[in-house]
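The values are calculated or read from the model by the stated rules, or taken from the named source; none is laboratory data. Just so it is clear, the model here is predicted, and its values are computed rather than measured. No Cβ is skipped: glycine too gets one built from the backbone with ideal geometry, and neighbour counts run over all protein chains shown. Heavy atoms of the whole protein, side chains included, go into the accessibility calculation; ligands, DNA and RNA do not. Shrake-Rupley method; radii C 1.70, N 1.55, O 1.52, S 1.80 Å.
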Amino acid sequence: MNIFGNIVVTLTFRVFDAENRLVEETTEPIAYLHGGHSGILPKVEQALADHKVGDKVSVTLEPADAFGDYDASLMRIEPLDLLPADAAVGGHLATEHDGHEQVWRITDIADGKAVLDGNHELAGMRLRFDCTVIDVRPATREELAHGHVHGAHGHHH
């Protein structure tokens, strides 16, 4: 079966930066609902169309195709005493503004202040996404109604 809209695709992947350094990889296969359901980056989804189990696909992603350009306005310095007591470098905080959640990564703590970065860790980076298609199956009615995968490697309710 080839990959087309409303098909559940299971794959493994590795992501490399522009210097060919591994920045992320799956430890277990992931599954997503193919066909514009926001389960995977759109350019990766386009590249996977019409492929089948066993196929290997490699996609180069510019920042706009992946996690966006780095936005310096998403950097903040906050007094440490305004953050949770367990705040630590590498930790994450979530805030809400006008109904939108913003996740901040703590990148540094010094002199009673914390540096918060609201950019995705891979923002501004050119990436290569290498994947292998492990399984392809029709989506269930429930998965189509919910717009995401259920089951072993997908979303659970």
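Remarks
- Residues satisfying the stated conditions in the stretch 138-153, i.e. part of a strand (DSSP E or B) and open to solvent by 70 Å² or more (accessible area, probe 1.4 Å): 138
- Residue 30 out of contact with any strand residue (DSSP E or B) (no Cβ under 6 Å at 6 or more places or on another chain) and under 19 Å from residue 135 (Cβ atoms): yes
- Elements of type strands (runs of 3 or more DSSP E) in the stretch 46-113, at least 1 residues being among the acidic types (Asp, Glu) and either touching a helix residue (DSSP H, G or I) at 6+ places or on another chain (Cβ under 8 Å) or surrounded by 15 or more Cβ atoms within 10 Å (Cβ to Cβ) (or both): 75-79
- Scanning the stretch 114-124 for residues that are surrounded by fewer than 17 Cβ atoms within 10 Å (Cβ to Cβ) and among the small types (Gly, Ala, Ser), we see that the one that is farthest from residue 16 (Cα to Cα) is 118.
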